[in-house]
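Peer 1: Sharing a structure below in structure tokens format, with a few things to ask.
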Amino acid sequence: MIHFNRTVARCVFGVALALASASSYAAQPAAPPAERYVWDLRDLYPNVAAWDAERKRLLAELPKLEALSGTLGKDAASLRRGLDTISAVKLSLNRVGVYASLEADADQRVSSAIERRELAKKLSSDFDKATSWLTNDILAIGAATVDKYIAADPGLAKHAYFLRDTVRRAPHTLSPEGEKIMAAASTLREDPESIYEMISNADIPWPTVKLADGTDAKLTNAGYTRYRQVDNRADRKAVFDSFWQVHKDYQDSLGATLFAEVKGNVFSAQTRKYPGALASALAGDNLPDGVYRTLVSETNAALPTLHHYLQLRKRLLKITDDMRYYDIYPPMFSLKKVFNIEDTKTITLAAVAPLGREYQSTLREAVNARWMHVYPGEGKRSGAYMNGSAYGLHPYLLLNHNDDYEGLSTFAHEWGHGMHSILADKAQPFETSSYSTFTAEIASITNEFLLNDYMVANAKTKDEKLYYLGAALENIRGTMFRQVMFAEFELLIHEAVEKGEALTGEKLTEIYCGLLKRYHGEAAGVMKIDDLYCTEWSYIPHFYYNFYVFQYATSMVAAGYFADQITKGNAQRDTYLNVLKAGGSDYPYEILKKAGLDMATPTPYRTLFARMDRVIAQIEELERTPGK
Ligand SMILES: [Zn+2]
């Protein structure tokens, strides 16, 4: 695996939010959207023919990359020339990929666009094959000579991070023969997730429940997220009972797939001589496992804050008997306020004022260019993301703007990503511009915090203010507590397998139940969790992403820290902007540490929980204030 691959910066965060809170999309607009709200792909290529010509040119380059094998170690200049050649192809290839994926996402019914996306994917995997020798060639040069070459040739400076990182992994890299076996085994390791997806998306017969108003609610995954938040409490209970009973019926199969996934991770970690599956998963970013463990322990220590929120929620929902797990999703406050796309731009620009005039003016230019596909449309991909893979050009954003606060918040979030890419691209050469997943959600969530603080400060009525504060609480619950509970579950099940234990559906439910009850304060009388709902683990696809979700939480922690810092002065603001400008020029843990944020220590976590305490206190104070 080549480490300087610039992966498509897709907003995976949206996946977590979809699980954390309900999201629905507006009906299709009647008329096609104005041209200025549709991205202009001609910035990439004038037309499809030009795109295809470029793709073919790059395909013809691949044999030359393959022929570089065995030539890099000769001297510093050979190493530089080889890496420069690979880099140049990679940069162009990313653009080919961006064009094809954006075009396909805009309307997935266009089969020629889908075909082009497949061709771009093929080009990318052909590139990987043509350069698969690279790691072994660098390891053969050896750490001392690599260092000597870097010192001798200034042109190698931009490749230094990649080179040293490759050398760092030497103890966990197998012989060429061993790597070949691991590559072959890696296709087998994709099977648990594929089987899980099959059962979860195709085989499970989704139940239908009749709601009090006569609606027949079909509980697909999307139906579940929609109906679990309805006002009628008996309806919510019916939705939960049916949805989780079906998962219980499939518990044995879904347990077997998750056990297979975990065994695969443990196998890979052991073969690569890591002390454990967690260490192996964190090794790519060179993250100390203290980050993971501090996240889990600090979040556990802050459970009273979550319980305080749940008690507030109970009061606001006017629940007089026990609070139940199905009471977690209905909104506490509502807001009927329209934020059309132009309002959304204006408000976001005002909200990021603490980031300075330069940031603001860059963002103003960006949001008014044709870099966004704004409105929902038939055949268009759902959700929202930023694609920043066209280095040296500009980011593109896909939105499904809905004229509500969620749409506004998503806009600020995605433009956080967009500005991160713009700043990193400007400050870094291509080779170190791409930032890691560990830092990828910091800029986006920082913008969400700045937006929320701005909305609270500028709310016209008490009800409006309460709505924004309520949204802030839900955001922290869903991204922090829920994701850390998932992260702790992942850790527990991997450790169990490492100790030689077997996992079954029943065992997984038992482990998950313990966490669900502890996090939601059952022993303290905060919430009652029905055992049936403890099959929730079987519904979370992220457990097949190998220690991934903790990064949602750590990103929010870092964002909370920076959102507080930014308002303290220009020096603190610049420190934050330097984190964004650093791109992928260093390990993410080091980039943050240089900015005064040590993610292996308790302080940043406590800063975020203090923010949550403040929000709860604000709501409680408004509750005591008479009037609307
Ligand atoms: Zn995001």
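The values are calculated or read from the model by the stated rules, or taken from the named source; none is laboratory data. Just so you know, these numbers come straight off a predicted model, no measurement behind them. Glycine also receives a Cβ, built like all others from the backbone with ideal geometry; neighbour counts cover every protein chain displayed. Note: accessible area is taken over every heavy atom of the protein model, side chains too, but ligands, DNA and RNA are not part of it. Shrake-Rupley method; radii C 1.70, N 1.55, O 1.52, S 1.80 Å.
Peer 1: Can residue 266 be described as among the hydrophobic types (A, V, I, L, M, F, W, C), part of a helix (DSSP H, G or I) and open to solvent by less than 20 Å² (accessible area, probe 1.4 Å)? Talk me through it step by step, then tell me what you get.
Peer 2: Details: among the hydrophobic types (A, V, I, L, M, F, W, C): yes; part of a helix (DSSP H, G or I): yes; open to solvent by less than 20 Å² (accessible area, probe 1.4 Å): yes.
Here the answer is yes, as residue 266 does meet what is asked.
Peer 1: Within region 15-56, can you find the residues that are β-branched (Val, Ile, Thr) and at pLDDT below 95? Before the answer, list the steps.
Peer 2: Quick first cut of region 15-56, residues β-branched (Val, Ile, Thr) only: 15, 38, 48.
15, the sole residue that qualifies.
Peer 1: Test of understanding: among 189, 164, which residue is surrounded by 17 or more Cβ atoms within 10 Å (Cβ to Cβ) and on the phi < 0 side of the Ramachandran plot?
Peer 2: Testing whether each residue is surrounded by 17 or more Cβ atoms within 10 Å (Cβ to Cβ) and on the phi < 0 side of the Ramachandran plot leaves just 189.
Peer 1: Taking the residues in region 522-545 that are among the hydrophobic types (A, V, I, L, M, F, W, C) and surrounded by 15 or more Cβ atoms within 10 Å (Cβ to Cβ) as candidates, determine which candidate is nearest to residue 255 (Cα to Cα). Break it down into steps so the answer makes sense when it comes.
Peer 2: Of the residues in region 522-545, the ones among the hydrophobic types (A, V, I, L, M, F, W, C) are 523-524, 526-527, 529, 532, 534, 537, 540, 543.
From what's left, surrounded by 15 or more Cβ atoms within 10 Å (Cβ to Cβ): 526-527, 529, 532, 534, 537, 540, 543.
Values: 526: 29, 527: 26, 529: 21, 532: 15, 534: 13, 537: 9, 540: 12, 543: 11 Å.
If we take residues in region 522-545 being among the hydrophobic types (A, V, I, L, M, F, W, C) and surrounded by 15 or more Cβ atoms within 10 Å (Cβ to Cβ), then 537 is nearest to residue 255 (Cα to Cα).
Peer 1: Determine whether residue 202 is open to solvent by 60 Å² or more (accessible area, probe 1.4 Å) and either aliphatic (A, V, I, L, M) or in a helix (DSSP H, G or I) (or both).
Peer 2: Numbers: open to solvent by 60 Å² or more (accessible area, probe 1.4 Å): yes; either aliphatic (A, V, I, L, M) or in a helix (DSSP H, G or I) (or both): yes.
Criteria met by residue 202.
Peer 1: A follow-up question, please. Just the residues that are in a helix (DSSP H, G or I) and either surrounded by 19 or more Cβ atoms within 10 Å (Cβ to Cβ) or without any contact (Cβ under 8 Å) to a residue 60 or more places away in the chain (or both), please, taken from region 59-75. Full working, then the answer.
Peer 2: Taking region 59-75 first, the residues in a helix (DSSP H, G or I) are 59-67.
Matches in region 59-75: 60, 61, 64, 65, 67.
Peer 1: I'd like to know if region 455-465 contains one or more residues that are under 28 Å from residue 545 (Cα atoms) and either modelled with pLDDT of 95 or more or over 22 Å from the mean Cα position of the chain (by Cα) (or both). So that I can check it myself, show each step before the final result.
Peer 2: Here is the first cut: in region 455-465, the ones under 28 Å from residue 545 (Cα atoms) are none.
So far as region 455-465 goes, no, none of its residues is under 28 Å from residue 545 (Cα atoms) and either modelled with pLDDT of 95 or more or over 22 Å from the mean Cα position of the chain (by Cα) (or both).
Peer 1: Shifting gears a bit: Condition check: in a loop (DSSP other than H, G, I, E, B) and either β-branched (Val, Ile, Thr) or surrounded by fewer than 18 Cβ atoms within 10 Å (Cβ to Cβ) (or both). Does residue 378 satisfy that? Before the answer, list the steps.
Peer 2: Numbers: in a loop (DSSP other than H, G, I, E, B): yes; either β-branched (Val, Ile, Thr) or surrounded by fewer than 18 Cβ atoms within 10 Å (Cβ to Cβ) (or both): yes.
When the stated conditions are applied, residue 378 passes them.
Peer 1: Kindly indicate which of 421, 436 is in contact with a Pro (Cβ under 7 Å, 6 or more places away or on another chain) and either farther than 28 Å from residue 544 by Cα or surrounded by fewer than 23 Cβ atoms within 10 Å (Cβ to Cβ) (or both). Write out each step before concluding.
Peer 2: On the way: 421 fails: either farther than 28 Å from residue 544 by Cα or surrounded by fewer than 23 Cβ atoms within 10 Å (Cβ to Cβ) (or both).
That would be 436, the only listed residue that is in contact with a Pro (Cβ under 7 Å, 6 or more places away or on another chain) and either farther than 28 Å from residue 544 by Cα or surrounded by fewer than 23 Cβ atoms within 10 Å (Cβ to Cβ) (or both).
Peer 1: Kindly check whether there is at least one residue in region 332-351 that is in contact (Cβ under 8 Å) with a residue 40 or more places away in the chain, open to solvent by 20 Å² or more (accessible area, probe 1.4 Å), part of a loop (DSSP other than H, G, I, E, B) and within 16 Å of the ligand (Cβ to nearest atom).
Peer 2: no
Peer 1: Those residues that are open to solvent by less than 10 Å² (accessible area, probe 1.4 Å) and of a type in the set (D, E, K, R), I need them from region 424-433; list them, please.
Peer 2: Once the filter is applied, which keeps residues that are open to solvent by less than 10 Å² (accessible area, probe 1.4 Å) and of a type in the set (D, E, K, R), region 424-433 yields nothing.
Peer 1: Among the helices (runs of 4 or more DSSP H) confined wholly to region 551-628, which include 3 or more residues that are in contact with a Ser or Thr (Cβ under 8 Å, 6 or more places away or on another chain)?
Peer 2: On the way: elements: 570-581, 588-594, 603-624.
By residue number, 588-594, 603-624.
Peer 1: Moving on to the next point. Can you say whether residue 547 is within 13 Å of residue 355 (Cα to Cα) and either under 20 Å from the mean Cα position of the chain (by Cα) or in contact (Cβ under 8 Å) with a residue 12 or more places away in the chain (or both), as far as the supplied structure shows?
Peer 2: Details: within 13 Å of residue 355 (Cα to Cα): no; either under 20 Å from the mean Cα position of the chain (by Cα) or in contact (Cβ under 8 Å) with a residue 12 or more places away in the chain (or both): yes.
No; evaluated as a whole, the condition is false for this residue.
Peer 1: Could you check how many residues of region 381-414 are of a type in the set (Phe, Trp, Tyr), away from the ligand (no atom under 16 Å from the Cβ) and not in a helix (DSSP H, G or I)?
Peer 2: Start the filter on region 381-414 by keeping residues that are of a type in the set (Phe, Trp, Tyr), which leaves 385, 391, 396, 405, 411.
Next, only the ones that are away from the ligand (no atom under 16 Å from the Cβ) stay: 391, 405.
The next check asks that each one be not in a helix (DSSP H, G or I); those that pass are 391.
Residues meeting the conditions: 1.
Peer 1: Might you let me know whether region 291-309 holds any residue that is modelled with pLDDT of 95 or more, among the charged types (D, E, K, R) and not in a helix (DSSP H, G or I)? Break it down into steps so the answer makes sense when it comes.
Peer 2: Pass one, region 291-309, residues modelled with pLDDT of 95 or more: 291-309.
Restricting the remaining residues to those that are among the charged types (D, E, K, R) gives 293, 298.
Right, trim to not in a helix (DSSP H, G or I) and you get none.
No, that holds for no residue.
Peer 1: Does region 364-372 contain at least one residue that is of a type in the set (A, V, I, L, M, F, W, C), open to solvent by 40 Å² or more (accessible area, probe 1.4 Å), more than 16 Å from the ligand (Cβ to nearest atom) and over 20 Å from the mean Cα position of the chain (by Cα)?
Peer 2: Yes; the residues of region 364-372 include at least one that is of a type in the set (A, V, I, L, M, F, W, C), open to solvent by 40 Å² or more (accessible area, probe 1.4 Å), more than 16 Å from the ligand (Cβ to nearest atom) and over 20 Å from the mean Cα position of the chain (by Cα).
Peer 1: Got a number for residues in region 310-331 being under 27 Å from the mean Cα position of the chain (by Cα) and not in a helix (DSSP H, G or I)?
Peer 2: Of the residues in region 310-331, 4 are under 27 Å from the mean Cα position of the chain (by Cα) and not in a helix (DSSP H, G or I).
Peer 1: Give just the number: which of (1) open to solvent by less than 40 Å² (accessible area, probe 1.4 Å); (2) over 19 Å from residue 608 (Cα atoms); (3) under 25 Å from the mean Cα position of the chain (by Cα) does residue 505 not satisfy?
Peer 2: (3)
Peer 1: If you don't mind, there's one more thing I want to ask. Looking at residue 59 and the list (1) at pLDDT 50 or above; (2) hydrophobic (A, V, I, L, M, F, W, C); (3) under 25 Å from the mean Cα position of the chain (by Cα), which single condition is not satisfied?
Peer 2: All conditions are met except number (3).
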